[in-house]
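Student: Would you mind keeping the following structure in view while I ask a few things?
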Amino acid sequence: MRATIDLLLDLVRQGQDLARVELSLVRAELSERKGLVVSSLVALAAGLILLPVGLGLIIVACALSLTRLGVPLDLAFLILALAVIVVGLVLAWVGVRGLKPSRLIPAKSISQISSLLGGLEP
């Protein structure tokens, strides 16, 4: 039969091993999510850059249409501005959707820790 101190030392060692494994899992999940965050931030930035450009093009198209009623160049500017705005909105939406906290949380580690803690309850 083993002494109580030996059993407690084994428990501490196993707890340390478990903590190391869980920490490495969290690190792996966070590095996995880093790519998602970067691509989402790039899409968000591109969308936020394209929106003012599109709005500027609408202003230019409206100004040209006021001075040159009926000239197809005005319509071309307007169509181009609307297309840029639509693309900008789509990119901004993709970026915001990718940055939801629920997509960035390391779910596997949290579920394992919570199930471990749930299993310790009497």
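The values are calculated or read from the model by the stated rules, or taken from the named source; none is laboratory data. Owing to the predicted nature of the structure, the values given are computational and were not obtained by experimental measurement. Heads up, the Cβs are rebuilt from the backbone with ideal geometry, glycines too, and the neighbour counts pull from every protein chain shown.
Student: Being charged (D, E, K, R), surrounded by 12 or more Cβ atoms within 10 Å (Cβ to Cβ) and over 30 Å from residue 81 (Cβ atoms) narrows it down to one residue among 20, 33; which is it? Lay out the reasoning, then the answer.
Tutor: Working: 20 fails: surrounded by 12 or more Cβ atoms within 10 Å (Cβ to Cβ).
The match here is 33.
Listed here are the residues, each with its yes/no results for (1) touching a helix residue (DSSP H, G or I) at 6+ places or on another chain (Cβ under 8 Å); (2) at pLDDT 70 or above; (3) more than 30 Å from residue 18 (Cα to Cα).
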{"site": "33", "(1), (2), (3)": "yes, yes, no"}
{"site": "45", "(1), (2), (3)": "yes, yes, yes"}
{"site": "49", "(1), (2), (3)": "yes, yes, yes"}
{"site": "55", "(1), (2), (3)": "yes, yes, yes"}
{"site": "68", "(1), (2), (3)": "yes, no, yes"}
{"site": "73", "(1), (2), (3)": "yes, yes, yes"}
{"site": "88", "(1), (2), (3)": "yes, yes, yes"}
{"site": "92", "(1), (2), (3)": "yes, yes, yes"}
{"site": "117", "(1), (2), (3)": "no, no, no"}
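Student: Right, here's the next one. Against the conditions (1) modelled with pLDDT of 75 or more; (2) of a type outside the set (A, V, I, L, M, F, W, C); (3) exposed (fewer than 12 other Cβ atoms within 10 Å of the Cβ), where does residue 40 fall short? Just the number, please.
Tutor: (3)
Student: Which pairs turn up if I take residues in the range 12-37 that are in contact (Cβ under 8 Å) with a residue 40 or more places away in the chain and under 21 Å from residue 98 (Cβ atoms) and look for partners that are polar (S, T, N, Q) and assigned to a helix (DSSP H, G or I) with beta carbon separation below 8 Å, at least 6 apart in sequence or on another chain?
Tutor: Close Cβ pairs satisfying both conditions: 26/109; 29/109.
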